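See structure below.
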Amino acid sequence: MNVHDSEKMAGILKAGGYAEAANTEDADLIIFNTCSIRQKAEQKFRSELGRIKLLKSKNPLLKIAVAGCIAQQRGRDILKRSPHVDYVFGPQNIHKLSAMLTTNAMVCIEDNPEIQHTDLPAERKENIKAWVSIMYGCNNFCSYCIVPYTRGRERSRPSQNMYKEIHELAEKGFKEVTLLGQNVNSYNSDTNFPGLLRKIDTIKEVERIRFVTSHPRDLSDELILCIKELPKTCEHIHLPLQSGSGRILKLMNRGYTYEDYLEKVRKLKESIPHIAITTDLIAGFPSETDNDHSMTIKALRSIEFDGIFAFKFSPRQGTKAAEMEGSINEEIKSQRLNEILGLQDDITLRKNEALKGTLQEVLVEGASKKDKGKITGRTRTNKIVNFEGDESLIGKLVNVEIRMAMRHSLEGRLTSQS
Ligand code: 5AD
Ligand code: SF4
């Protein structure tokens, strides 16, 4: 989401006559698009912001802006703590960037009730895959999460706006779009999310449609049918579980039990046997016992995700979980996280190995960075495949036979252009 927000900022700046500087030292404007989902992201930003201070004495024209969720949360405080900052604006005020830059200093952190109608010109670096926002904000208030406070209430863009944006992307040669929202399953405008997918699936030049993120509670049978039926909608779902313990899920305010989640997974696999399912997990949520943790381990073993993102719980100021009793010490958090990651490594490898000998449709994205002479792309299930082939295939769908499996990628042999 932040990457795409940055693309929107770049789009606005380009339209305003700005050009990208070759390096930080040459820039007259530096924007930090910050993330506050976990403490670590915030720390990184603080140290970068400190480092950049020196540049201001070298270039008196330099302006520094802080955008994103930290800007939204801390607001004017950032200007107080870091007087070398000129502008502070939150994720709901990106559209004000141009106007803001005509002033000397400004803080823009108010809600934008019309955010769903604000179309911004995104400047995308890639030319094959594109992010497209379908909704903003979140109403879920999971007890650990800062997003509803920084990105505000849930608002969905009218389907016509995405239809138009994706048409334009297709005309420019983009082949894949990823629909973006904190909880795409609760997309609700002139149609619901399955309705939106059906509409976008008709855009001829688009080859693939992906979406993130799905909330398990709102995953409907109708959506499962869409993934199964729609030719362009890819067979991959990112479905954050967060914990395998029902007690912890309740404390997290996730709105489903572990059994509810398993039932959704069962339906997905029954309907689409080759679907890839990935997830997010949090280790060391307040009051998490060894037993709760072992339920997460058990969940990993029985669901066998294709991949996971796992994090240590990080208390975020202003959220309910930050005030909860039973905080877990960092060492135990790390132990639990390592156990989760270690186990999943084996599972990911095993799942990848099971693909050996199969034929996979790959959208070629470019030259392989690691392997000179090879090209790289992804399967419909979002797995990276490297294989020998000509760079003229970039942007095309090809069939690749999988020969070798590693943890983070597959290797294959080109069989035909599909
Ligand atoms: N601590 C740790 N992980 C978190 N996430 C969100 N908030 C926190 C937090 N306070 C994780 C969740 C979410 C992902 C985007 O980040 O797993 O799904
Ligand atoms: Fe945060 Fe929960 Fe909303 Fe996801 S669904 S953004 S975890 S509050």
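The values are calculated or read from the model by the stated rules, or taken from the named source; none is laboratory data. In this text the structure is predicted, and so the values were computed from the model without any measurement. Don't worry about glycine lacking a Cβ; one is built from the backbone with ideal geometry, like all the others, and counts go over all protein chains shown. Calculation scope for accessible area: heavy atoms of the full protein, side chains included, ligands and nucleic acids excluded. Shrake-Rupley method; radii C 1.70, N 1.55, O 1.52, S 1.80 Å.
Take every Cα pair under 8 Å in the chain that's 6+ residues apart, average their separations, divide by the length, and report that relative contact order as a whole percent.
After rounding, I find 10 percent.
At a 1.4 Å probe, what is the % contribution of carbon and sulfur to the accessible area of the chain? Summing carbon and sulfur atoms, their accessible area is 51 percent of the total for the chain. Local charge for Gln160 was computed over the other residues whose Cβ lies under 15 Å away, with Lys and Arg +1 and Asp and Glu -1, and equals 0. From the alpha carbon centroid of the stretch 362-418 to that of the stretch 321-348 is 34 Å. The Cα-based radius of gyration of the stretch 2-108, divided by its Kirkwood radius, gives an Rg/Rh of 0.92.
Does the stretch 277-329 come out rounded, prolate or oblate by the C-alpha gyration tensor, with a ≥ b ≥ c the root eigenvalues, rounded set by a/c under 1.5 and, if not, prolate when a/b is larger than b/c and oblate if not? Taking the square roots of the gyration eigenvalues as a ≥ b ≥ c, the stretch 277-329 is oblate. With R₀ fixed at 45 Å, the C-beta to C-beta distance from Glu205 to Glu388 puts the FRET efficiency at about 0.95. For the chain, the mean residue ellipticity at 222 nm estimated from helices alone is -10500 deg cm²/dmol, where every DSSP H run of n ≥ 4 contributes -39500 (n - 2.57) and the total is divided by all residues, rounded to the nearest 500.
Taking K and R as +1 and D and E as -1, what net charge do the other residues with C-beta under 11 Å from the C-beta of Ser143 add up to? Net charge around Ser143: +3. For the options Ile109, Ile52, Ile146, a Gaussian network treatment of the chain with springs between C-alpha atoms closer than 10 Å singles out Ile52 as fluctuating the most.
With each label modelled as a point 7 angstrom along the Cα→C-beta vector, the Leu61-Thr257 pair spans 6.5 nm.
Cα centroids of the stretch 136-204 and the stretch 222-280: 18 Å apart. Enclosing the Cα atoms of the stretch 359-414 in their convex hull gives a volume equal to 66 cubic angstrom per residue.
If the chain linking Arg407 and Thr289 were pulled fully straight, counting 0.36 nm for each residue of separation and taking away their Cα-Cα distance, it would gain 39.5 nm.
Is the stretch 98-200 rounded, prolate or oblate when judged by the Cα gyration tensor, a ≥ b ≥ c being the square roots of its eigenvalues, rounded requiring a/c under 1.5 and prolate requiring a/b larger than b/c? Taking the square roots of the gyration eigenvalues as a ≥ b ≥ c, the stretch 98-200 is oblate. The mean accessible area for residues of the chain, using a 1.4 Å probe and ignoring ligands and nucleic acids, is 47 Å² per residue. Build a GNM of the chain with springs between Cα atoms under 10 Å apart, and of Ile134, Ile375, Ile237 the one that fluctuates most is Ile375. In summary, the lysines within cross-link reach of Lys53, defined as a Cα separation below 18 angstrom excluding same-chain residues under 8 places away, comprise Lys44, Lys63, Lys80. Candidate cross-link partners of Lys351 among the lysines, defined by an alpha-carbon separation under 16 Å and a same-chain spacing of 8 or more, comprise Lys269, Lys383.
Contour minus end-to-end for Gln39 and Ala19, with contour as 0.36 nm per residue of separation and end-to-end as the Cα-Cα distance?
Once the chain is fully extended between Gln39 and Ala19, it gains 4.0 nm.
For Lys164, go through the lysines and keep the ones whose alpha-carbon is under 18 Å away, minus same-chain ones fewer than eight residues off. Answer for Lys164, where 18 Å is the Cα cut-off: Lys8, Lys129, Lys172, Lys175, Lys199, Lys204, Lys232, listed by chain and number.
The P(r) of the chain has a tail past 26 Å containing 60 percent of all C-alpha pairs. What you get for the chain, charging only the Cβ of Lys and Arg (+1) and of Asp and Glu (-1), is a dipole of about 540 debye around the Cα centre.
Counting charges near Gly75 (Lys, Arg +1; Asp, Glu -1) among other residues having Cβ under 12 Å from its Cβ returns a value of +2.
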